[in-house]
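Novice: Below you will find the structure I want to go over with you.
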Amino acid sequence: MKTPENFIAYAPLGVGVMCALFYVEQDNDVFGWWIGARGHEFQSAYFKLENFFTTKPTRFYATDGTDLYGGWKFVYSAHDPALDKAVPVDERISHELDRLQEMFVAEWLFFEDDAEISAERKAYDELDLPLHRHVNLRSKRLGKLDDSQPVWRYRSHGFDADVLDYLQRYWPLDYRLP
């Protein structure tokens with residue numbers, strides 16, 4: 001798989017992490033993981049955009065939360081997204097997505113039950129920023145975001161905006177680019 005591309009949308013005076021995601025391209029498909037706000041909760045899932053780089057219709061598969069090994073349980077590009085029977089995720093893809101998700105979280109995110117929360121709480125206090133509910137950005141990464149708008153954003157250098165455009169048409173998160 002290629003190097004992962006990342007996108008973060010963060011509302012420091014709002015919900016906090018609106019969405020954070022990474023993806024990798026493999027052949028004609030896109031695989032990745034997201035976490036983000038939906039109402040007062042946070043949802044995460046692994047996803048596959050099958051045939052994204054072809055003229056065939058794209059199928060947007062997603063897992064049920066972080067249950068990667070339970071298979072693709074939703075097709076968000078369909079009228080009725082819940083699948084009757086899960087579609088297995090290729091084992092090599094599963095292991096790679098799991099590894100990439102761990103790396104992405106270690107680099108960008110921390111959670112309210114993480115051991116280092118006291119150091120992050122102190123850093124946020126020094127920056128005069130609130131800690132938000134369940135998921136937050138690591139304080140050392142905040143400087144990477146473009147903070148010129150109310151929603152701060154980060155896109156990795158090779159990030160393909162078409163991937164995000166497609167995801168946000170169907171995903172269950174609240175985040176939508178204006």
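Just so it is clear, none of the values below were taken in a lab; they were calculated from the coordinates. Quick caveat, the model's predicted, so the values are computed rather than measured. Cβ: placed from backbone, ideal geometry, glycine included. Neighbour counts: every protein chain shown.
Novice: Could you give the dipole magnitude of the chain about its Cα centre, charging the beta-carbon of Lys and Arg +1 and that of Asp and Glu -1, in debye to the nearest 20?
Specialist: About 300 debye.
Novice: Further, regarding this structure: Using a cut-off of 22 Å between alpha-carbon atoms, which lysines can reach K73, once sequence neighbours fewer than 8 places away in the same chain are excluded?
Specialist: Partners found: K48, K56, K85.
Novice: Please work out the ratio of the alpha-carbon Rg of the chain to 2.2 N^0.38 Å and round it to two decimals. Don't skip to the end; give the middle numbers.
Specialist: Working: Rg = 16.2 Å, N = 178, 2.2 N^0.38 = 15.8 Å.
So the chain has a normalised radius of gyration of 1.03.
Novice: Sum -39500 (n - 2.57) across every DSSP H segment of at least 4 residues in the chain, then divide by the residue count to get the 222 nm mean residue ellipticity, nearest 500. Spell out each step's value before the answer.
Specialist: Details: 3 runs with 38 residues, N = 178.
Computed mean residue ellipticity for the chain: -6500 deg cm²/dmol.
Novice: Taking the highest mean first, how do the peptides 44-50, 68-74 order by number of other beta carbon atoms within 10 angstrom per residue?
Specialist: Details: 44-50: 22.9, 68-74: 17.7.
Put in order of decreasing packing, that is 44-50, 68-74.
Novice: Considering the convex hull of the alpha carbon atoms of region 10-103, report its projected area averaged over all viewing directions, in nm², one decimal.
Specialist: Values: hull surface 28.1 nm².
Its Cα hull, projected and averaged over all orientations, spans 7.0 nm².
Novice: Do you know the relative contact order of the chain, to the nearest whole percent, from alpha carbon pairs under 8 angstrom that are 6+ apart?
Specialist: Details: 311 pairs, mean separation 42.5, N = 178.
Relative contact order here is 24 percent.
Novice: What relative contact order, as a whole-number percentage, does region 76-178 give when Cα pairs under 8 Å and 6 or more residues apart are counted? If you can, show how the numbers build up before the last one.
Specialist: Values: 42 pairs, mean separation 23.3, N = 103.
Relative contact order comes out at 23 percent.
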